[in-house]
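Inspection log for the structure reproduced underneath, given as structure tokens.
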Amino acid sequence: MSRPDRLSPTNKRLAAALGVALILLLWQCAAWVLPAFLMPGIPAVLQRLSTELGRPAFYQALGGTLGRLAVGYGVALAFGVAFGLLAAVQSFFREVLRGAIVVLQSIPSIAWVPLFLIALGFGSLPIIVVVALAAFFPAALSVMNATESVQRVHVSAARVMGASAGGLVRRVYLPAVMPSLITGAQLAFGNAWRALISAEMLVGFGKGLGRTLQYSGEIADMAGVMSNILVIALLAALIDQLILEALKHRLLRYQYV
Amino acid sequence: MSRPDRLSPTNKRLAAALGVALILLLWQCAAWVLPAFLMPGIPAVLQRLSTELGRPAFYQALGGTLGRLAVGYGVALAFGVAFGLLAAVQSFFREVLRGAIVVLQSIPSIAWVPLFLIALGFGSLPIIVVVALAAFFPAALSVMNATESVQRVHVSAARVMGASAGGLVRRVYLPAVMPSLITGAQLAFGNAWRALISAEMLVGFGKGLGRTLQYSGEIADMAGVMSNILVIALLAALIDQLILEALKHRLLRYQYV
Amino acid sequence: MSLVFDNVDKHYGDLQVVDRFSATFRTGEVVALVGPSGCGKSTLLHMAAGLERPSSGQVLCDGKPVAKPDPSRTLVFQEHALFPWLTLGDNVALALEFQKQSKAAARTQATTWLSHVGLAGFEGYYPHQVSGGMRQRAALARAFIARPATLLLDEPFGALDALTRLSLQDVLRTLVAEAQPSVLLVTHDVDEALFLADRVLVFSARPARVLREFTLPHRRKGHDLGDFATEKRQILALLGVEVDAIA
Amino acid sequence: MSLVFDNVDKHYGDLQVVDRFSATFRTGEVVALVGPSGCGKSTLLHMAAGLERPSSGQVLCDGKPVAKPDPSRTLVFQEHALFPWLTLGDNVALALEFQKQSKAAARTQATTWLSHVGLAGFEGYYPHQVSGGMRQRAALARAFIARPATLLLDEPFGALDALTRLSLQDVLRTLVAEAQPSVLLVTHDVDEALFLADRVLVFSARPARVLREFTLPHRRKGHDLGDFATEKRQILALLGVEVDAIA
Amino acid sequence: ADKLRVGYLRVMDDAQAMVAHEGKFYEKAGLDSELIEFKSGPDMIKAIVGGQVDLGVLGFTNAATWASKGADLKVVGGAQQGYHALVAREDSGIKKVADLKGKTLASQSEGSTADVVLKGVVFKQAGLKPDDVNLLGVSPSVAVQSLVGKRADAAFLFEPQATIAKLVAPVREIYEVGEKWPFPCMVVITSGETLKTRKGDVWKALDAQRSAITLLQQHPDQAAKLIAPYFVAEPTLQTLHGPVPRETVVSSAIKTQTFNAALTPQDLKRIQEVADILQSQGALKTRDGSRYDTSAIVDLSWQKDRKL
Ligand SMILES: Nc1ncnc2c1ncn2[C@@H]1O[C@H](COP(=O)(O)OP(=O)(O)OP(=O)(O)O)[C@@H](O)[C@H]1O
Ligand SMILES: Nc1ncnc2c1ncn2[C@@H]1O[C@H](COP(=O)(O)OP(=O)(O)OP(=O)(O)O)[C@@H](O)[C@H]1O
Ligand SMILES: [Mg+2]
Ligand SMILES: [Mg+2]
């Protein structure tokens, strides 16, 4: 009967903004309590940020980070979907994969970094592999679980209508797993992003937001540290909320009308 | 009609073991290719592990890590459940919390560590806060989403039967959110564990598996590194598969009969 | 227990669902409410149960206004109302436990009531382990165990297949014959209304208003309903179903 | 199109579901299959559709063995068979697109068929936006659009409320009268079988065997079924429902 | 005895802090010492500023950058002259610093003292720009491992990793900062607050470390026994020439080091020079853009009193 009260879109956006504002307030309080060289306040950091935004070095770092993200995340999604679909068909393979994932997933990405540096050499490759590994698990798991739950009646209905194998995959399997695939992709993005920044902080190679963050910390530039953290958090929130959510609403339009 | 093929429990366990075995094989292959100094083989590491298991230092590290895990994870679960339930009742608060989480979640734990060191000083406290923060998000999100979906008809049915407010919470709300709560707790555990090991690696304070791992890496003791990684991965898999899964089967018995 | 609707209005926001409804349901009477989907039948039942308040007017139970749910007026829902995390036995026993009866006593009675509805031996099964018909039997046991004076049934057999529904109608009729509660039964199935009720109220589309009332002379009827062919035809016509579509 | 079951057996592992079933369904005939839950009715339909193979024996369609699904033998499922990610229009059009018709032509025909079943103007709605009855209308349009020679209906209205079901029975009867396909209709609702079918087969519990066959003299029937009271009583008795439980 | 918390990094440069603790020199000076390891100089600075550590042995660049931001820090004594060796794989064809052009060099994290000196002094003298070399900031042990695994052509290392690298990999030392451009890499740092309230304890600690330095200089083998486990896990190290006891490795690493408890005028000049480099790299800024004066953070009253 009665449904839980829902907020209007404006109120929803207002509430989300308030959530962000609360964090900023907390930060500003810390800045008031602590000396400025340990924790700069928001105005100082925003000023710094605007200076940074005018520098080519910032865009180089941004480009480096986004480039690695694109490659690592892309590879992880491709493999995740492929392995997930394979696991759907082959149930023994599914359990093998699950076993491997349970063990591998508990190792934090920063423990992987030195191993991959030694095994793969220097350059962007070890960072990309760490990112891909971090994003692979949720992507594969979500596709795996989704294909398990494609409704047989949908497959039967399509077959009765004369669907070919290709038509079945394109018109039934793919749209059916799409919701979980997108949830998995969002989880995977969070993992990939955190792994990427961590790895960049640990490997001083190439340009990247993580490296800039690490360098600022090293030279006692707390305004730089905070403005970098701000960029990292906002960028991830933007990618997640704007790109991934928009994609979700486009691909899953039918759920939102 | 026909269901996807299911594996027997024995086959399932066999497959999972095969998955773990595959990873070990990959490792052993790397050990054959690389010099022992860079990547020790499995026998050497197992031998090392058995030596470690005989040393009190190992148990001190284990105790330190598990202690921090217990406190951080426990606090995160308690706050996550409380905030999640509050968010269920108060939809404006829910969106505020969601907004804050989206931004905070994208900051990797190793970027938090230096900030918490400044704000909270050295010691176990900053590590525990990092762990709690990492585990709080999935715990709160899952309870939040779960309480949204408690079926009204169940609540109405209980009220019609004369349930008191306490009875309603104990006999209806709690069992209804339990499945999501447990899923959230498992996700939260994964996050907490990775954050804990990362933080211990970065903050050289107290005893802990992460610190031992970092120390081994620093003194180029690759057998130590690998045996620590092994312990970290197996411990997490054991806690997840034995304790949390057992708890799940106990609390959600009705889903498995 | 008598139930009186006194000039009851119900709005959800701008949506008027019930329009000045007045009716009296006498003790021990079985009344069926039939009407198009969404016309407000469930809303009437929820107000009788005390789960919703009228926007204006009053619902009186034995002369006292209904303010909140009470175990003496039990509601049986269309589906899913059993708790999936409890066995059938515990589901039925819970009705007594909520009324502060001891666990042991509640269990014993639950077992008795489950066997009354033909579920002896199924105490330990979870709802998802049994068929829809068996779940609905357990829901009936849960409603009857507290010996309510009034029974509010909201399409209790709506989700069941036609044959299972017929056999549950028999079970319900036996239970009602024994315990003699007042019954308000919402249903879409005209045959069901005619088979079970002493009186049938036919409602208009939203907002719910009574189009016509049928008083049925006796309760001793078979499932073929040969005697009530005229009433069935009239009710279906009121509900807008073309009775002889192609004929 | 004629359909012949020739000594068909079906096992799932150790479970025998169909036991040496032989029957002939003539072109243009509407036959209802009635039987207890789980007796194997759906299995028979799935074998006729080519979704399952008999364990032994043969299913012949116009003399040729049925090997795989074919759009000339369409199956309508009890529920949920529309794709939630497509609009009603796209769902119906898909049946033609799978047969290599152009998108535009499929769309135009889909619109026509939706209006045949009373859904004009609902092309752009997604299944979850419309009622259960409207979904089932769209499913009927999707089945009829490919002009199948044989229509296999597996409890097509089982999940609907009694009133909606009555109006859909009317829609189905009109569509069948126009397109004249052969129809195999599985149902639990004896009234539905009597209203729609030329012939009714009553099955035993699993493994499915025909208990008795009723041939109904004419199709011009009303929903009150006064004429078929005897048949209804006999069928219910065969199915084990106490027809005059309390009487 | 008073509790004294000493911060250290796990590098040979901090040997005096470890030896003073393991050799019970702090105890003899009347201090109840606690040794706290840090992962990086900035972390230790935060602990010193936050009062969780009383004094520490770390790179003075950290003190300069943080003090320029307003942290109340004092350099109260010397520790070690900046030993940093450039070692190159023999098969890489690198003979001198200028050959590094286009090669891969494993160095330390960007902004650290080693990194500042590498770019601001070593490269500059060889006519290289930082972008000419594939620089990679990693931990010293990973640097050694990448030399062994042929992932890097050269590495910029301090002790004991430089010694270890020479033992376990076919590498040659092509340059050492301490020879060409000696500077006080590691210094003893405390907060102005601690120096004010616990001057006696700080001085006792400096005395203890001075005794430790004497042991390190005169009896490196004895000192190595005390601190070898800090650097090599196994009792023996597997090298290209067979197993070597870890004490031997650490002892020879100690011998490469130049320890000095006091800061000489030459040292003070170098400190100012490195601060200038930091300023030119943009890592150190003063509010008004004027030259940063390092004498403000140096307090030499202990070595004056002890007449060093
Ligand atoms: N809590 C609520 N808030 C807003 N509208 C509601 C609420 N509950 C019911 N309604 C609306 O009131 C109308 C009547 O609902 P109700 O459930 O009483 O009808 P009904 O006759 O029981 O229908 P059905 O036969 O389909 O069960 C519907 O249009 C419904 O959407
Ligand atoms: N793929 C399968 N594997 C194993 N057993 C099956 C399978 N499909 C059906 N069965 C079993 O075969 C029996 C007959 O199933 P079927 O669905 O044909 O019955 P039905 O008469 O259609 O029942 P209902 O009226 O409930 O739909 C049931 O016991 C069912 O559990
Ligand atoms: Mg209703
Ligand atoms: Mg069936």
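The values are calculated or read from the model by the stated rules, or taken from the named source; none is laboratory data. Computed from a predicted model, the values in this text were never measured in an experiment. Heads up, the Cβs are rebuilt from the backbone with ideal geometry, glycines too, and the neighbour counts pull from every protein chain shown. Calculation scope for accessible area: heavy atoms of the full protein, side chains included, ligands and nucleic acids excluded. Shrake-Rupley method; radii C 1.70, N 1.55, O 1.52, S 1.80 Å.
I'd like the interface area for chains B and C: accessible area of each alone minus the complex, both sides summed, 1.4 Å probe, protein heavy atoms only. What is it in Å² to the nearest 100? The B and C chains share an interface burying roughly 2100 Å².
Annotation for the range D:69-90 versus the range E:178-212: alpha-carbon center distance of 82 Å. Within the listed set A:PRO175, A:PRO43, A:PRO126, the Gaussian network model of chain A (springs between alpha-carbon atoms below 10 Å) gives the highest mean-square fluctuation for A:PRO43. Against the criterion of solvent-accessible heavy-atom surface with a 1.4 angstrom probe, B:THR51, A:THR147, E:THR264, B:THR10 sort, most first, into B:THR10, B:THR51, E:THR264, A:THR147.
For A:VAL257 and E:LYS285, the FRET efficiency from 1/(1 + (r/R0)^6), where r spans their Cβ atoms and R0 equals 51 Å, is about 0.35. Label-to-label distances for C:GLY121 across copies, nearest first, come out at 5.6 nm, using points 7 Å from Cα in the beta-carbon direction.
Taking a ≥ b ≥ c as the square roots of the eigenvalues of the Cα gyration tensor of chain A, is the shape rounded (a/c under 1.5), prolate (a/b larger than b/c) or oblate?
oblate
Normalised per residue, the accessible area of the range A:48-114 is 42 Å², obtained with a 1.4 Å probe and no contribution from ligands, DNA or RNA. Under 19 Å between alpha carbons, and skipping anything fewer than 8 positions from E:LYS95 in its own chain: which lysines qualify? Qualifying lysines at Cα under 19 Å: E:LYS103, E:LYS119, E:LYS124, E:LYS129, E:LYS150, E:LYS166, E:LYS180.
Under the convention that each Lys and Arg Cβ holds +1 and each Asp and Glu Cβ holds -1, the size of the dipole of chain C around its Cα centre is about 600 debye. Most simply put, chain C has about 50% antiparallel DSSP beta bridges, counting only bridges with both residues inside it. When you restrict to C-alpha pairs under 8 Å that are six or more residues apart and normalise by the size of chain D, the relative contact order lands at 26 percent. Pairing chain A with chain B buries about 4600 Å² of accessible area. This figure sums both sides and uses a 1.4 Å probe. Modelled this way, with points 7 Å down the Cα-to-C-beta line, the labels at C:LEU60 and E:THR197 are 8.0 nm from one another. For the rotation carrying B onto A, the chain B residue whose Cβ lies nearest the axis, with the distance in whole Å, reads B:ILE110, 3. Pop out the carbon and sulfur fraction of the accessible area of chain C as a percent, whole number, probe 1.4 Å. Roughly 49 percent, rounded to a whole number. What chain E shows is 37 Å² of accessible area per residue, with the surface traced by a 1.4 Å probe over protein heavy atoms. Comparing each chain alone with all protein chains together (probe 1.4 Å, DNA, RNA and ligands left out), the residues of the range E:45-69 losing at least 50 Å² of accessible area are E:LYS46, E:GLN52, E:TRP66, E:LYS69. Ascending distances from the D:LYS64 label point to its copies in the other chains, with the point 7 Å along the Cα-to-beta-carbon line: 7.6 nm. When A and E come together, around 2200 square angstrom of accessible surface is lost from both chains combined, probe 1.4 Å.
When both bridge partners sit in the protein assembly as shown, DSSP labels roughly 55% of those beta bridges antiparallel.
Counting only protein heavy atoms and using a 1.4 Å probe, what share of the accessible area of chain E belongs to carbon plus sulfur, as a whole percent? That fraction is 50 percent. A label point on D:ASP6, set 7 Å along the Cα-to-Cβ line, lies at 7.7 nm from each of its counterparts in the other copies, closest listed first.
Computed with a 1.4 Å probe over protein heavy atoms only, the accessible surface of chain C comes to 38 Å² per residue. Nearest 500 deg cm²/dmol is fine: what mean residue ellipticity at 222 nm does the protein assembly as shown get from its DSSP H runs of n ≥ 4 alone, each adding -39,500 (n - 2.57), divided by its residue count? Dividing the helical sum by the residues of the protein assembly as shown leaves -16500 deg cm²/dmol.
If we count every other residue with Cβ under 12 angstrom of A:TYR215's Cβ, Lys/Arg +1 and Asp/Glu -1, where does the sum land? Net charge in that neighbourhood comes out at -3. Under 1.5 on a/c is rounded, so check that first for the protein assembly as shown, then, if it is not, pick prolate when a/b is larger than b/c and oblate when it is not; a ≥ b ≥ c are the square roots of the alpha carbon gyration tensor eigenvalues. Since a/c reaches 1.5 and a/b is larger than b/c, the shape of the protein assembly as shown is classed as prolate. Here the range A:40-256 has 68 percent of its accessible surface on carbon and sulfur atoms, given a 1.4 Å probe and all protein chains in place. Built from the Cα atoms of chain C, the convex hull projects on average onto 14.1 nm², one quarter of its surface area. For chain D, what are the DSSP H helices with axial Cα length of 15 Å or more and mean Kyte-Doolittle hydropathy of at least -1.0? TM-like helix candidates: D:103-116, D:132-145, D:162-179. Its relative contact order, with pairs defined as Cα atoms under 8 Å and 6+ residues apart, puts chain E at 27 percent. Annotation note: trypsin sites (Lys or Arg not before Pro) in the range E:15-124 located in DSSP loop regions with a Cβ neighbour count of at most 10 within 10 Å are E:LYS95.
Once the Cβ-Cβ distance between E:LYS24 and E:GLN217 is put in as r, and R0 is 25 Å, what FRET efficiency do you end up with, to the nearest 0.05? Write out the running numbers ahead of the final one.
Details: r = 18 Å, r/R0 = 0.74.
Efficiency at R0 = 25 Å is approximately 0.85.
Screening chain B for whole DSSP H helices with an alpha carbon extent of at least 27 angstrom along the helix axis and a mean Kyte-Doolittle hydropathy of at least 0.0 yields B:9-33, B:56-89, B:124-148, B:174-202.
With an a/c value of 1.5 or above and a/b larger than b/c for the gyration tensor axes a ≥ b ≥ c computed over the alpha-carbon atoms, the range E:123-171 is described as prolate.
Of interest is the spacing of the C-alpha centroids, which for the range B:89-132 and the range E:238-308 amounts to 37 Å.
Among the trypsin sites (Lys or Arg not before Pro) found in the range C:80-177, those both in a DSSP coil and sparsely packed, with 11 or fewer other Cβ atoms within 10 Å of their Cβ, are C:LYS100.
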